[in-house]
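The next block holds one structure in the form of C-alpha cells; read it before the comments.
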Amino acid sequence: MGRKTSSKLCKMKRGKLFLLIFVVVVILLATAAVSILHDGLSARAKPTALETVIARTARKMAAPSGARNTKNPVPDSPEVQREARLHFADHCAICHGNEGSGDTMIGKGLYPKPPDLRADQTQKLSDGDIFWIIENGVRLTGMPAFGGAGSDHDHDIEDTWKLVRFIRRLPALTPAEKLEMEKYNPKGPEERQEEQEENDFLNGAPAKPPSKSEPQHH
C-alpha cells in the first residue's frame, strides 16, 4: 500500500508541475500577444519583460560552449586600450554609443535594442563569449558579424580581442577618452564640409561665398 500511495503522490505532483508550466507558458504567450496587438511589430516599441529575458538568454547562448573558455591572447596596455577605443568609435559607436550605452539614433531604432555594454549582463560574459559575438554576430538582432569572409578589411582577429579589452573598461571610461572618441565617429557629408570650413577659417583661408541654393539675408 505504501508504494502505491507514494506512486500516486508522485503522479499528482508531476501533474501539478505540468499544469503550472502550462499556465505560465499560456500567460507569457498572452502577454506577448497583447504587446503585439498594442504596438504591432514596430521596432520603436519598448521590449516586454519576456522579450528582454529571451534576448538576454539568446545572447548568452549565442557562443558555443567551447568558445566561452577561450582566453584573450592580447595583453592589456594603454596602447591596446587606445587602439581599441578609437576602433570602437569608428566601427561600433554608431549603434552602441561611445560610452557603450546603446542610446543612439540607430540603436533606438533597432529591435531588440543594443544592450548596455557596461551592465552586468555584458560584463559577466566571458572574454570568449564577447569575442565570439563580435566575430559572428547574433541572429535576429542588429548585431553583425565582423569576422570571417566578407568582413571589414581593416578589422582582424587581433582587433576583436582588443575590443574585448576595451569593453571590459567601458564602465570606467573617462570624459577625456569620450571626447577623443568623438573625433573618430563616422561623419556625414554636411559634418565633414562644416569641419573643413572651420579648419580653413582657422588657417586663414578666405570665407567661401554662399552657394545659390543657400538663402540670402539682407
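The values are calculated or read from the model by the stated rules, or taken from the named source; none is laboratory data. Just so it is clear, the model here is predicted, and its values are computed rather than measured. So basically every Cβ, Gly included, is an ideal-geometry build from the backbone, and we count neighbours across all protein chains shown. Each accessible area value is taken on the protein alone, full model and side chains, heavy atoms only, with ligands, DNA and RNA left out. Shrake-Rupley method; radii C 1.70, N 1.55, O 1.52, S 1.80 Å.
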Which percent of the accessible heavy-atom area of the stretch 92-184 goes to carbon and sulfur, probe 1.4 angstrom? 57 percent
Exposure ranking of Phe22, Phe146 by accessible area [1.4 Å probe, largest first]: Phe22, Phe146
For the peptides 122-131, 100-109, what is the packing order when you average, over each peptide's residues, the other Cβ atoms within 10 Å and list the highest mean first? 122-131, 100-109
Taking 1 over the mean of 1/r across every pair of different Cα atoms in the stretch 96-143, what Kirkwood radius in Å do you get? 11.3 Å
Heavy-atom accessible area order for Tyr111, Tyr184, largest first, 1.4 Å probe: Tyr184, Tyr111
Rolling a 1.4 Å sphere over the protein heavy atoms, what is the accessible area per residue of the stretch 89-154, to the nearest Å²? 53 Å²
For the pairs Lys124/Lys183; Lys113/Lys178; Lys16/Lys113; Lys124/Lys162; Lys113/Lys162; Lys71/Lys183, flag any whose C-alpha to C-alpha distance is greater than 28 Å. Lys124/Lys183; Lys16/Lys113; Lys71/Lys183
